[in-house]
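Beneath this line is the structure, given in structure tokens, with notes to follow.
The values are calculated or read from the model by the stated rules, or taken from the named source; none is laboratory data. Only a predicted model underlies this, so the values are computations on that prediction, with no experimental measurement involved. Using ideal geometry, Cβ is built from the backbone for each residue, glycine included, and neighbour counts are taken over all protein chains shown. Accessible surface is based on the protein model in full, side chains and every heavy atom, while ligands, DNA and RNA are left aside. Shrake-Rupley method; radii C 1.70, N 1.55, O 1.52, S 1.80 Å.
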Amino acid sequence: MSAATVTPDARIPLRGHLRHTGALVRRNLLWIRQDPESLFDAVLMPIVFTLLFVYVFGGSIGQALGGGQDQYVQYVVPGLLAMMSLTMAQGVGTGFNQDFNSGVMDRFRSLPIGRGSVLIAKIVVELARMLVATAILLAVGVLVGFDITHWGGLLAAVALAAAFGSGLMWVFLTLGVTMKNVQSVQAMGFLVMMPLQFGSSVFAPPSSMPGWLRAFTDYNPVSALADASRGLMTGGPVAHDLWLTLAWSAALTAVMAPVAVHKFRTKS
């Protein structure tokens, strides 16, 4: 094996990391261009979930909120923005695992490129997919009655969801590199996502939940993201949930990014 193939990330200059990341981002985007079906989840998921929750649950939960379906639209669209950060983050893990099983990652690891660049490029492209899903979510939300009154807050909410989603992607990248196949990654992702999504304030206010579930909801980072997005997009308290979401995002990245890179380097 040549010395170039064993060059550690620390010996690659920052400019080299940036160049490698840019080339890998371009490669991943070209792959999406050749396989547009890979965007189906980003396009269809926000449409299906918005219509489902607004027209199936909107009337009853809207009444509990003191209004009707229109009131629920204002409540659930910011919550769905938080949900998108979870569901799109899972995709990076399954895609990473597929690349390993197809031999693509073995080729990357044989090249003198930064190992972290491979993972960061995956996250950058997945964030682009998340922005596509977010734009479609907001468009459908406006069509069903969502009223955008705080454009600055809307942009801040999207940025906050992207920050939390990028932190969560390191968790799914770790799952993608440690699990044997895509089915295992999806199953583990389901076990992670379901409690976080439905044991939160994304779809309904936690005030009607039993005490034990409400306690879980209070400490659920997805609830913090949903409530912060609501405050930014429709007005209301923001500071506590905003800082809590940023703290979770930073902690996930600080803890899981080194783990994911290490697992990627040492995977046999």
(request) Determine the per residue accessible area of the range 15-266 with all protein chains present and a 1.4 angstrom probe, expressed in square angstrom. (result) 46
(request) Output the relative contact order of the range 15-266, whole-number percent, from Cα pairs under 8 angstrom with separation of 6+ residues. (result) 27
(request) With unit charges on the beta carbon (Lys/Arg positive, Asp/Glu negative), name the residue among PRO36, PHE49, PHE100 whose Cα is farthest towards the positive pole of the charge dipole of the chain. (result) PHE100
(message) Only four residue types carry charge here, +1 at the Cβ of Lys and Arg and -1 at the Cβ of Asp and Glu. Report the dipole size of the range 15-266 about the Cα centre in Debye, rounded to the nearest 20.
(response) 1120
(request) With a point put 7 Å past each Cα toward its Cβ, work out how far PHE190 is from ARG27 in nm, to one decimal. (result) 3.2
(request) Calculate how steeply helix 40-52 sits against the longest principal axis of the alpha-carbon atoms of the chain, using the helix alpha-carbon long axis, and give the answer as 0 to 90 degrees to the nearest 10. (result) 10
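For the range 15-266, what does the convex hull of the Cα positions come to per residue, in cubic angstrom?
Working: hull volume 33.0 nm³, N = 252.
Considering the Cα atoms of the range 15-266, their hull volume per residue is 131 Å³.
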(message) Once you place label points 7 Å from the Cα toward the Cβ at VAL43 and GLN183, how far apart are they in nm?
(response) 2.9
(request) Measure nothing fancy, just the Cα-based angle from helix 221-234's long axis to the longest principal axis of the chain, in degrees from 0 to 90, nearest 10. (result) 60
(request) Kindly state, to the nearest 0.05, the FRET efficiency for LYS263 paired with TRP212, given R0 = 41 Å and r defined as their beta-carbon distance. (result) 0.75
